[in-house]
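Down below is the structure, laid out as structure tokens.
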Amino acid sequence: MMDGAVAPLLAGVIVVEISRGVAASHAGRLLSTLGAETVLVEPPEGNPLRREPPFLPPANEASALFAFLAAGKKSITSDLNTPAGRAGLSALLSTADVLVHDLRPDERARLDLEEQTLRTRYPKLIDVSVLPFGAVGPKADWQAEEINLIHASGEGFLLPNGLAAELFPERPPLKVYGHFAEYQGGVVAALGALSALVGRDQDGAEAVDVSVQDATLAVGAFALQRFGDGSLEHRSTRSFKYGGVLECADGYVELLTLEERQWRGLIELMGRPDWMLDPALSDSLERSRRGAEINRVVRAWARELRTADIVARAQALGVPMAKYASPAEVLSGPHERARDLFQPVEIPGAGRLPVLSAPFHVDGAALPLSAGPPRLGEHQHLLTARRHRERPAAVAEVS
């Protein structure tokens with residue numbers, strides 16, 4: 001454990017994960033990083049995310065996505081289509097606290113893992129379902145990829161916007177890079193599991209049903225609020241009145257001035273030019289009305305400056321501004337190093353590489369990343385151990 005790291009919050013908690021997609025896998029990863037023993041149940045050919053690009057050198061066989069999502073987890077293989085595979089899963093569930101999965105309702109019925117069945121057999125087990133459109137309703141059986149989810153949540157309708165929309169007005173709606181929507185679903189699922197764990201002693205084990213679409217809708221809360229007020233946001237109009245993304249001499253920064261003190265700091269940052277001292281601009285509404293005019297001057301000013309210089313000066317004056325960093329700059333950044341956000345772990349097929357632990361601290365300390373991703377079936381011995389420990393009631397029902 002790193003110096004200053006706290007004891008694992010979920011020490012002693014056992015999580016069983018059955019996942020194919022990023023959302024459920026991310027939920028399991030968050031719980032694992034918080035200290036839970038997360039056991040990934042994989043089919044004999046392995047979790048499909050193991051085959052998801054991009055792949056890491058030198059062998060180009062290890063998936064970077066899987067390496068991140070499975071770091072710290074344990075792996076067993078089990079063919080759930082066979083009686084022996086289902087019996088092994090039952091042994092795991094009999095001693096587990098949480099089941100995280102992305103099984104569709106028809107799959108749950110076929111595997112005898114429906115909500116009521118789990119509640120009867122494993123009364124202490126928290127059931128966390130993470131599906132594209134939730135486990136209940138007309139879309140419960142629908143499948144979806146990230147691109148479907150980012151647009152179904154409305155976020156794709158609003159991209160690109162701001163400077164990107166001005167520079168490339170002909171671009172079609174875009175998907176945020178990577179797995180933005182699915183990560184949101186994973187965060188909500190992990191929070192649901194934590195809430196259920198907190199209340200389990202008082203209210204018993206609960207079932208948590210997460211819709212990735214709903215989780216991602218929450219990201220656009222302001223757009224939804226404005227829609228409720230009768231205003232439909234569009235990517236061509238969605239932007240800060242002034243500020244936002246600014247091009248500098250050697251890269252890009254983002255500027256945000258929501259508060260009066262931040263506007264005053266921007267005046268100082270720009271050297272108190274006469275136009276910014278116009279008494280009319282002391283009114284935030286007037287600044288919004290003249291946003292395009294302000295942005296033209298601010299952008300011209302920023303293009304002459306280097307990112308490191310402008311960001312350092314802005315932050316010293318209390319002006320919210322940060323650089324758009326490259327991946328290499330993120331890994332070597334002083335902020336990231338000071339917070340121990342990236343920790344070296346062993347990745348089979350790729351060697352020892354830095355991996356993001358968690359984008360938050362607990363009690364002021366970084367969370368330790370216990371290990372890299374497991375090899376397929378690396379912890380198969382857990383099945384034997386769990387069979388010896390499973391609750392008698394669960395054994396009787398499986399047999």
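The values are calculated or read from the model by the stated rules, or taken from the named source; none is laboratory data. Predicted, not measured: the structure shown is a model, and the values here were computed from it. Methodologically, a virtual Cβ is constructed for each residue, glycine included, from the backbone with ideal geometry; neighbour enumeration extends over all protein chains shown.
Things to note:
- Flag for residue 305 being modelled with pLDDT of 95 or more, of a type in the set (A, V, I, L, M, F, W, C) and either within 30 Å of residue 163 (Cβ to Cβ) or in contact with a His (Cβ under 7 Å, 6 or more places away or on another chain) (or both): yes
- Scanning the range 369-381 for residues that are in contact (Cβ under 8 Å) with a residue 12 or more places away in the chain, surrounded by fewer than 19 Cβ atoms within 10 Å (Cβ to Cβ) and not small (Gly, Ala, Ser) yields 375, 376, 378, 379, 380.
- When the range 311-324 is limited to residues that are in a helix (DSSP H, G or I) and either within 30 Å of residue 373 (Cα to Cα) or in contact (Cβ under 8 Å) with a residue 24 or more places away in the chain (or both), the one that is farthest from the chain's Cα centre (by Cα) turns out to be 313.
- Flag for residue 346 being out of contact with any Pro (no Cβ under 6 Å at 6 or more places or on another chain), closer than 30 Å to residue 77 by Cα and free of Cβ contacts under 8 Å to residues at least 60 places away in the same chain: yes
Here's the yes/no breakdown for (1) assigned by TED's automatic domain parsing to the domain that holds residue 156; (2) closer than 17 Å to residue 322 by Cβ; (3) free of Cβ contacts under 8 Å to residues at least 40 places away in the same chain:
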| residue | (1), (2), (3) |
| --- | --- |
| 250 | no, yes, no |
| 280 | no, no, yes |
| 298 | no, yes, no |
| 302 | no, yes, no |
| 309 | no, yes, yes |
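- The residues in the range 31-65 that are surrounded by 24 or more Cβ atoms within 10 Å (Cβ to Cβ) and assigned to a helix (DSSP H, G or I) can be counted, and the count is 3.
- The conditions of being more than 20 Å from residue 182 (Cα to Cα), part of a helix (DSSP H, G or I), over 21 Å from the mean Cα position of the chain (by Cα) and hydroxyl-bearing (Ser, Thr, Tyr) are not met by residue 75.
Quick grid of which residues meet (1) crowded, with 16+ Cβ neighbours inside 10 Å; (2) on the phi < 0 side of the Ramachandran plot; (3) touching a Leu at 6+ places or on another chain (Cβ under 7 Å); (4) touching a residue at least 40 places away in the same chain (Cβ under 8 Å):
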| site | (1), (2), (3), (4) |
| --- | --- |
| 126 | yes, yes, yes, yes |
| 130 | yes, yes, no, yes |
| 153 | yes, yes, yes, yes |
| 159 | yes, yes, yes, yes |
| 166 | no, yes, no, no |
| 169 | no, yes, no, yes |
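- Per-region count, the range 259-276, residues free of Cβ contacts under 8 Å to residues at least 24 places away in the same chain and more than 18 Å from residue 300 (Cα to Cα): 2
- Qualifying residue in the range 325-343 (condition: closer than 30 Å to residue 91 by Cβ and not in a helix (DSSP H, G or I)): no
- Any hit, the range 116-123, residues being in contact (Cβ under 8 Å) with a residue 60 or more places away in the chain, in a loop (DSSP other than H, G, I, E, B) and surrounded by 22 or more Cβ atoms within 10 Å (Cβ to Cβ): yes
- For the range 268-277, the count of residues that are closer than 15 Å to residue 240 by Cα and either surrounded by 11 or more Cβ atoms within 10 Å (Cβ to Cβ) or more than 34 Å from the chain's Cα centre (by Cα) (or both) is zero.
- 2 or more residues modelled with pLDDT of 85 or more, of a type in the set (Gly, Ala, Ser) and touching a helix residue (DSSP H, G or I) at 6+ places or on another chain (Cβ under 9 Å): qualifying strands (runs of 3 or more DSSP E) within the range 175-260: 207-211
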